[in-house]
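Single-structure report; data block below.
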Amino acid sequence: MTFVLLSGIVALVLLRVPIGFALVAASALVIVLDDPRSSAVVPLRLFHGADSFPLVAVPLFILAGALMNRFGISARLVDFASSLVGFVRGGLAMTTTLASMFFSEISGSAVADAAALGSVLVPAMTKRGYPKAFAAAVLSASASIAIIIPPSVPMILYGSITETSITRLFLAGVVPGVLTGFTIMVTSSILARRGGFAEREPFALPLVWTTFRRALAPLSLPLIILGGIFSGLFTPTEAAALAVVAALAIGLASESRALSGLRPVFLDAARQTGSVMILVAASAVVGWYLTVQQVPQILADSVTATVQGTTASILLLNAALLVAGMFLHSTAAIVLLVPIFMPLASQIGIDPVQFGLIVSVNLAIGQQTPPVASVLIISCSIADSPMDEVFRVNMYFIAAMLVVLLLVSFVPSVSLWLPNLVLGS
């Protein structure tokens, strides 16, 4: 029946049925075929899958990011980032990464990052002589940091599904997120030098101060949100609510008629939330059936019996996640694959928090790799550049991200040091 389930999901997805509905339909079919008396399990699991207080943070962070984009906060962050690294060769490309890291700490969404920053930075880079393909590749790679660095929406989903502390996951994402940003910036600088489009601007301390003052309000948001979470003052869900209130306050302070144009923002956030929550609810049905059939345990036992050594098992696990990331969006990959691979990760001694970061970095790379490549597609659209040209440049950034993936996979302290330091082991 497990084969029927997976075949049904694949067939429905190929027929362009939304993956959330495909998961529910295929799961309901195999459950009824297996035991017609178990049909009541489907609506019950759908309800319980979405009935989780931590998941309330998902629509709130999505809305906070949409509000910040609506009020033009991204432009302030770009100006400040440019004043910090604009004097370095290839500085505007590095500004893209730095600005994305700032915005990631508010939105938690790679797609929101690419959309918000791309409209500002891609035209600026092309005006300075950067090729469109390079500009799109830098934007795409930088935006994907959003699912590694906190507050990451995929990490909230992972924590809810695996019952792992979201606070620990957020802390664990800081070092890998910064490392990813650093490797992308270094790669950008090297490629800009080799391409001969490495512009430089003189460093001006007064400009840093001026742009910092304009960006102070949005920059204070991550400090308040993450500081409150890490200190235990409030939960990630409460922090997400605070982010929405703060985003509205910043918007009202900058625009006297800020409330007049919010209807499209709320509608867009509602659509994104609906897509995510349907997947989460559907994953509960799939997860229940796979658990009853002991599929994760059987998979873990067969892999450990076939593959000798922890190193080989970790490499195999990463290979599976990388391939899955090429065909599934990050949310779908988490809700579908984590329940299957989690027992294998536990069996080879990977901490649940470390595994969460392994999954996040893999999926960040998956957002750069066709055929799905959600963030890459958005970046190509903004830059008006063919995907094949952008991907040829993007391979260098993917290689840089693979270095971070290997560090996270084989050096547990990269992801576990900070949560153990702040919260204890």
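The values are calculated or read from the model by the stated rules, or taken from the named source; none is laboratory data. Keep in mind the model is a prediction, meaning the values are calculated, not measured. Ideal geometry is used to build each Cβ from the backbone, glycine not excepted, and the neighbour counts take in all protein chains shown.
Quick look at the values:
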| item | result |
| --- | --- |
| Options Phe47, Phe3: the member that is modelled with pLDDT of 75 or more, aromatic (Phe, Trp, Tyr) and either crowded, with 19+ Cβ neighbours inside 10 Å or part of a helix (DSSP H, G or I) (or both) | Phe47 |
| Of the criteria (1) buried (at least 20 other Cβ atoms within 10 Å of the Cβ); (2) not in a helix (DSSP H, G or I), which one Arg16 fails | (1) |
| Index of the failed condition, Val276 passing every other in (1) more than 19 Å from the chain's Cα centre (by Cα); (2) at pLDDT below 75; (3) of a type outside the set (Ser, Thr, Tyr); (4) within 30 Å of Val422 (Cβ to Cβ) | (1) |
| Members of region 413-425 that are within 20 Å of the chain's Cα centre (by Cα) and either surrounded by fewer than 20 Cβ atoms within 10 Å (Cβ to Cβ) or closer than 19 Å to Thr310 by Cα (or both) | Val414, Ser415, Leu416, Leu418 |
| Restricting region 195-248 to residues that are outside any helix (DSSP H, G or I), without any contact (Cβ under 8 Å) to a residue 60 or more places away in the chain and at negative phi, the residue that is farthest from the chain's Cα centre (by Cα) | Leu233 |
| Conditions (1) crowded, with 24+ Cβ neighbours inside 10 Å; (2) under 18 Å from the mean Cα position of the chain (by Cα); number of the one not met by Val390 | (2) |
| Residue list for region 342-376, filter: at pLDDT below 85, assigned to a helix (DSSP H, G or I) and of a type in the set (A, V, I, L, M, F, W, C) | Leu344, Val375, Leu376 |
| Residue among Leu23, Leu29, Leu6 that alone is closer than 29 Å to Ala269 by Cα and of a type outside the set (Ser, Thr, Tyr) | Leu23 |
| Where a residue in region 79-101 is buried (at least 24 other Cβ atoms within 10 Å of the Cβ) and its partner, wherever it lies, is of a type in the set (Asp, Glu) and modelled with pLDDT under 80, with Cβ under 6 Å and at least six apart | Ser100/Asp113 |
| Among the residues listed as Gly181, Gly173, the single one being at pLDDT 80 or above and closer than 27 Å to Ala50 by Cβ | Gly173 |
| Region 358-379 residues that are of a type in the set (Ser, Thr, Tyr), paired with ones that are surrounded by fewer than 24 Cβ atoms within 10 Å (Cβ to Cβ) and not in a helix (DSSP H, G or I) (beta carbon under 8 Å, 6 or more apart) | Ser374/His329 |
| Qualifying residue in region 102-109 (condition: over 12 Å from the mean Cα position of the chain (by Cα), assigned to a helix (DSSP H, G or I) and either at pLDDT 75 or above or of a type in the set (Ser, Thr, Tyr) (or both)) | yes |
| Residue list for region 85-105, restricted to those being aliphatic (A, V, I, L, M) and farther than 17 Å from Val375 by Cβ | Val85, Val88, Leu92, Met94, Leu98 |
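The rows are residues; the columns are (1) at positive phi; (2) in a helix (DSSP H, G or I); (3) at pLDDT below 75; (4) over 17 Å from the mean Cα position of the chain (by Cα).
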{"site": "Leu23", "(1), (2), (3), (4)": "no, yes, no, yes"}
{"site": "Leu29", "(1), (2), (3), (4)": "no, yes, no, yes"}
{"site": "Val42", "(1), (2), (3), (4)": "no, yes, no, yes"}
{"site": "Leu67", "(1), (2), (3), (4)": "no, yes, no, yes"}
{"site": "Ser74", "(1), (2), (3), (4)": "no, yes, yes, yes"}
{"site": "Ser82", "(1), (2), (3), (4)": "no, yes, no, yes"}
{"site": "Phe87", "(1), (2), (3), (4)": "no, no, yes, yes"}
{"site": "Met94", "(1), (2), (3), (4)": "no, yes, no, yes"}
{"site": "Ala112", "(1), (2), (3), (4)": "no, yes, yes, no"}
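Quick grid of which residues meet (1) touching a strand residue (DSSP E or B) at 6+ places or on another chain (Cβ under 9 Å); (2) of a type in the set (A, V, I, L, M); (3) within 19 Å of Arg392 (Cα to Cα):
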site: Leu63; (1), (2), (3): no, yes, no
site: Ala81; (1), (2), (3): no, yes, no
site: Phe87; (1), (2), (3): no, no, no
site: Leu117; (1), (2), (3): no, yes, no
site: Leu121; (1), (2), (3): no, yes, no
site: Gly129; (1), (2), (3): no, no, yes
